[in-house]
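> Quick one: this structure, given as structure tokens, is what I'll be asking you about.
The values are calculated or read from the model by the stated rules, or taken from the named source; none is laboratory data. Just so it is clear, the structure is predicted and the values come from calculations on it, not from any experiment. Reconstructed Cβ throughout: ideal geometry from the backbone, glycine too, with neighbour counts over all protein chains shown.
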Amino acid sequence: MNLESVQPVPRRRERQIRCGSCGSSNVSTSMHTDQFSHGVGSEAVQLSVVVPVRKCADCGEQFTDEEAEVLRHDAVCRHYGLLTPAEIRDIRTRYGKNRAEFAAVTKLGDATLGRWESGATLQNAAYDQYLRLLRFPENIARLSAATGHVGSSKTAGNKLVPFPGPKLRAITQISAELIRDEQAFSLCR
């Protein structure tokens, strides 16, 4: 992590930040440019983002916290052209739905939505496109009105319920030709 100082920022009052080393709340915040590597081997890229860096006036400890991690994750999302966790959460909350309700309408998994919204995992490009389409109320209305028919199964919420398929009928008469074919059959190695 390579940090360059940008400018001091007044401490926020809505959340009291404490030093992890000494527990003091005498912590100041300044914004720094963080350059970090994302990826593995030849696929790794250098990304840059401005993050808050905290400094304890009592013990001198300098640290970043969850706010910086969120900003780094958002930088990775922007690098890949994906929606950020906050943008995904905003799509759902715009419709006044909790995750379970949104999952029922969209057929996305509740746990999957939770992982995307928390930043635990990144959605792939196809799901990102789907999420972008869900920004339009008319698409949510279409999904809400849909019958839920998917392939050979009907969905009840997010549970798959198999359709009653054709029953297999028993062969009542075995022909001489079938017996001959059965005796000639062998598996090759």
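> Run down A86, A111, A68 and say which single residue is modelled with pLDDT of 95 or more, of a type outside the set (F, W, Y), outside any strand (DSSP E or B) and over 30 Å from E138 (Cβ atoms). Break it down into steps so the answer makes sense when it comes.
On the way: A86 fails: over 30 Å from E138 (Cβ atoms); A111 fails: over 30 Å from E138 (Cβ atoms).
Result of the check over A86, A111, A68: A68.
> When only residues in the range 92-137 that are within 20 Å of V76 (Cβ to Cβ) and hydrophobic (A, V, I, L, M, F, W, C) count, which is nearest to the chain's Cα centre (by Cα)?
W116
> Could I ask something else about it? Consider only pairs whose beta carbons are under 8 Å apart and that are at least six residues apart or on different chains; among these, list those whose first residue lies in the range 103-114 and is not assigned by TED's automatic domain parsing to the domain that holds P137 and whose second residue is at pLDDT 95 or above and small (G, A, S).
Note: no pairs meet the criteria.
> Considering only residues that are at pLDDT below 65 and not in a loop (DSSP other than H, G, I, E, B), look in the range 159-189 and name the one that is nearest to V105 (Cα to Cα).
Per the stated criteria, the residue is K159.
> Does T33 satisfy the condition of being more than 22 Å from N124 (Cβ to Cβ), modelled with pLDDT of 95 or more and over 21 Å from the mean Cα position of the chain (by Cα)?
Yes, satisfied.
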